[in-house]
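Notes follow the structure.
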């Protein structure tokens, strides 16, 4: 059985699904395709903040990266359109924010930059 190919070659060739309802502690404005490629096709390096960003094709991978406090990229749907989101996922209780200090852990993340 052949592995399905991702129609957009700029994303890793993996089984990709839309991840729904992922609250973000910090959403990044960078784009996956502009990050620096690494030896691992699901990891890119952000030259702006100096952190690695892991592409999460499944909820399980996203949960693993969330638990370790690492930056992620994933496909989701907003306003009924597919989009790719990058940033630091929050806990299931953390409201999604695009700035400010309201999300727990956001200050420590920013301080680590």
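The values are calculated or read from the model by the stated rules, or taken from the named source; none is laboratory data. Just so you know, these numbers come straight off a predicted model, no measurement behind them. Because the Cβ atoms are built from the backbone with ideal geometry, glycine has one as well, and the counts that use them run over all protein chains shown.
Is there any pair linking a residue in the stretch 41-63 that is at positive phi to one that is part of a loop (DSSP other than H, G, I, E, B) and surrounded by fewer than 19 Cβ atoms within 10 Å (Cβ to Cβ), with Cβ under 8 Å and at least six apart or on different chains, and which?
That search, which allows pairs on different chains as well, returns 50/113.
Checking the condition touching a helix residue (DSSP H, G or I) at 6+ places or on another chain (Cβ under 6 Å) and either surrounded by fewer than 18 Cβ atoms within 10 Å (Cβ to Cβ) or at pLDDT 90 or above (or both), which residue from 58, 54, 13, 38 passes? So that I can check it myself, show each step before the final result.
Working: 58 fails: touching a helix residue (DSSP H, G or I) at 6+ places or on another chain (Cβ under 6 Å); 13 fails: touching a helix residue (DSSP H, G or I) at 6+ places or on another chain (Cβ under 6 Å); 38 fails: touching a helix residue (DSSP H, G or I) at 6+ places or on another chain (Cβ under 6 Å).
Result of the check over 58, 54, 13, 38: 54.
List pairs: first in the stretch 84-95 and at negative phi and at pLDDT below 75, second crowded, with 18+ Cβ neighbours inside 10 Å and part of a loop (DSSP other than H, G, I, E, B), Cβ under 6 Å, 6+ apart or cross-chain?
94/103
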